[in-house]
Amino acid sequence: MSAEAHTSTEYIKHHLQNLTYGQHADGTWGLAHSAQEAKDMGFMAINVDTMGFSILLGVLFLFFFRKVAQSAATGVPSGLQNFVEWIVEFVDSSVKGSFTARNPMVAPLALTIFIWIFLMNLMDLLPIDWLPGLAGMMGLPYMKVVASTDPNATFGMSLTVFALVIYYSIKMKGLGGFVGELTLQPFGKWGMPANLLLEGVNLIAKPVSLALRLFGNMYAGEMIFILIAIMFSGGAVLALTGGVLQWAWAVFHILIITLQAFIFMTLTIVYLDMAHQEHH
């Protein structure tokens, strides 16, 4: 039992470890071959699998939509064109329903966020051992394929949205107006310390909640897939049960990966709308 538990523990840790490249303790650069090595690299490291899959999926999204746009017909549209138009109309209606100002950047940003996050989340539906196994045959120690289970990726996206919120808050209201919102609302000038505390926490909570919500949900979903996969090594009955659970969780997970992409997009639209308003 202890050997089985150790094997299961190592299996889980292996699938949750990123392929990390960075500076070792001796000053050399290379891949980390253990979780401790990756931890010791600290800030001078990059998760190669997260960057690789996120960039690859982003390029795939741009290539696919550009190809459909170039071949768009005014007559009877193809199935792909219908699908892309449906997505664009869905995002456009979401923007019109939540964004009251005028900014031509918001709708393309919302579309990019929705499709990009959906594609990253969709990687969670691949069989858990396929790509890590292929990476192992190529000599790579780790391979984590779901970029949205890496907090570095989710915080990177949320901080970008946060930077846009700050930029448009200052652009639309001026620096004085933005500072005034942080210091004069809701208790007036006599409650300035309390105002700054409340509004500051509210402002910082935006990127933190965006990042942690996406990361937490996708990380939990990946963990469940890993735990179910362990059942396949427990005999015929457990393997059969694991197969049924894997299928059921994958069907339910389709809703989760779509919902998380939609929530991130919707909150981005709402935060940018608040940045364009005089008061919130």
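The values are calculated or read from the model by the stated rules, or taken from the named source; none is laboratory data. Everything numeric in this text was worked out from a predicted model, so none of it was measured. All Cβ positions, glycine included, derive from the backbone under ideal geometry; neighbour counts span all protein chains shown.
Please work out which residue is farthest from the chain's Cα centre (by Cα), limiting yourself to segment 11-35 and to residues that are outside any loop (DSSP other than H, G, I, E, B), farther than 14 Å from Asp129 by Cα and free of Cβ contacts under 8 Å to residues at least 24 places away in the same chain. Full working, then the answer.
Pass one, segment 11-35, residues outside any loop (DSSP other than H, G, I, E, B): 11-15, 20-23, 29-31, 35.
Narrowing further to those that are farther than 14 Å from Asp129 by Cα: 20-23, 29-31, 35.
With free of Cβ contacts under 8 Å to residues at least 24 places away in the same chain added as a condition, the list becomes 23, 29-30, 35.
Working: Gln23: 26, Trp29: 28, Gly30: 26, Ala35: 22 Å.
Result: Trp29.
Answer yes or no: is there a residue in segment 123-139 that is in a helix (DSSP H, G or I), without any contact (Cβ under 8 Å) to a residue 12 or more places away in the chain and either touching a Ser or Thr at 6+ places or on another chain (Cβ under 7 Å) or surrounded by 14 or more Cβ atoms within 10 Å (Cβ to Cβ) (or both).
Filtering segment 123-139 for residues in a helix (DSSP H, G or I) gives 123-125, 130-137.
Narrowing the set further to residues that are without any contact (Cβ under 8 Å) to a residue 12 or more places away in the chain leaves 130, 133-134, 136-137.
Still in the list and also either touching a Ser or Thr at 6+ places or on another chain (Cβ under 7 Å) or surrounded by 14 or more Cβ atoms within 10 Å (Cβ to Cβ) (or both): 136.
Yes, segment 123-139 contains a residue that is in a helix (DSSP H, G or I), without any contact (Cβ under 8 Å) to a residue 12 or more places away in the chain and either touching a Ser or Thr at 6+ places or on another chain (Cβ under 7 Å) or surrounded by 14 or more Cβ atoms within 10 Å (Cβ to Cβ) (or both).
Would segment 136-147 turn up any residue that is closer than 13 Å to Thr50 by Cβ and under 11 Å from the mean Cα position of the chain (by Cα)?
Kept after step one, since they are closer than 13 Å to Thr50 by Cβ, are these residues of segment 136-147: 142-147.
Checking the rest, the ones that are also under 11 Å from the mean Cα position of the chain (by Cα) come to 146-147.
Checked against the condition, which is being closer than 13 Å to Thr50 by Cβ and under 11 Å from the mean Cα position of the chain (by Cα), segment 136-147 yields at least one hit.
Restricting attention to segment 40-76, and to residues there that are part of a strand (DSSP E or B) and not small (Gly, Ala, Ser), which single residue is surrounded by the most Cβ atoms within 10 Å (Cβ to Cβ)? Quick ask: steps written out before the conclusion?
So in segment 40-76, the residues part of a strand (DSSP E or B) come out as 45-47.
With not small (Gly, Ala, Ser) added as a condition, the list becomes 46-47.
Numbers: Ile46: 14, Asn47: 23.
That would be Asn47.
Just one of the numbered conditions (1) in contact (Cβ under 8 Å) with a residue 60 or more places away in the chain; (2) in contact with a Phe, Trp or Tyr (Cβ under 6 Å, 6 or more places away or on another chain) is not true of Pro207; which one?
With (1) in contact (Cβ under 8 Å) with a residue 60 or more places away in the chain; (2) in contact with a Phe, Trp or Tyr (Cβ under 6 Å, 6 or more places away or on another chain) applied to Pro207, the lone miss is (1).
When the residues of segment 189-207 are narrowed to those that are loosely packed, with under 14 Cβ neighbours inside 10 Å and of a type in the set (A, V, I, L, M), which ends up farthest from Met265 (Cα to Cα)? Don't jump to the end; show me each part of the working.
So in segment 189-207, the residues loosely packed, with under 14 Cβ neighbours inside 10 Å come out as 189-190, 192-194, 197, 200-202, 204-205.
Filter again for of a type in the set (A, V, I, L, M), leaving 192, 194, 197, 201, 204-205.
Values: Met192: 33, Ala194: 31, Leu197: 27, Val201: 22, Ile204: 18, Ala205: 16 Å.
Result: Met192.
Can you go through Phe178, Phe162 and tell me which one is in a helix (DSSP H, G or I), in contact (Cβ under 8 Å) with a residue 24 or more places away in the chain, surrounded by fewer than 21 Cβ atoms within 10 Å (Cβ to Cβ) and aromatic (Phe, Trp, Tyr)?
Values: Phe178 fails: in contact (Cβ under 8 Å) with a residue 24 or more places away in the chain.
Of Phe178, Phe162, the one residue that is in a helix (DSSP H, G or I), in contact (Cβ under 8 Å) with a residue 24 or more places away in the chain, surrounded by fewer than 21 Cβ atoms within 10 Å (Cβ to Cβ) and aromatic (Phe, Trp, Tyr) is Phe162.
Among the residues of segment 218-238, which ones are surrounded by 13 or more Cβ atoms within 10 Å (Cβ to Cβ), without any contact (Cβ under 8 Å) to a residue 12 or more places away in the chain and either closer than 13 Å to Leu125 by Cβ or among the hydrophobic types (A, V, I, L, M, F, W, C) (or both)?
Answer for segment 218-238, where residues must be surrounded by 13 or more Cβ atoms within 10 Å (Cβ to Cβ), without any contact (Cβ under 8 Å) to a residue 12 or more places away in the chain and either closer than 13 Å to Leu125 by Cβ or among the hydrophobic types (A, V, I, L, M, F, W, C) (or both): Phe232, Leu238.
Please pick out the residue among Gly180, Gly156 that is modelled with pLDDT under 95 and small (Gly, Ala, Ser). Don't jump to the end; show me each part of the working.
Values: Gly156 fails: modelled with pLDDT under 95.
The match here is Gly180.
Looking at segment 96-106, can you tell me whether even one residue there is over 20 Å from Ile257 (Cβ atoms), without any contact (Cβ under 8 Å) to a residue 40 or more places away in the chain and assigned to a helix (DSSP H, G or I)?
yes
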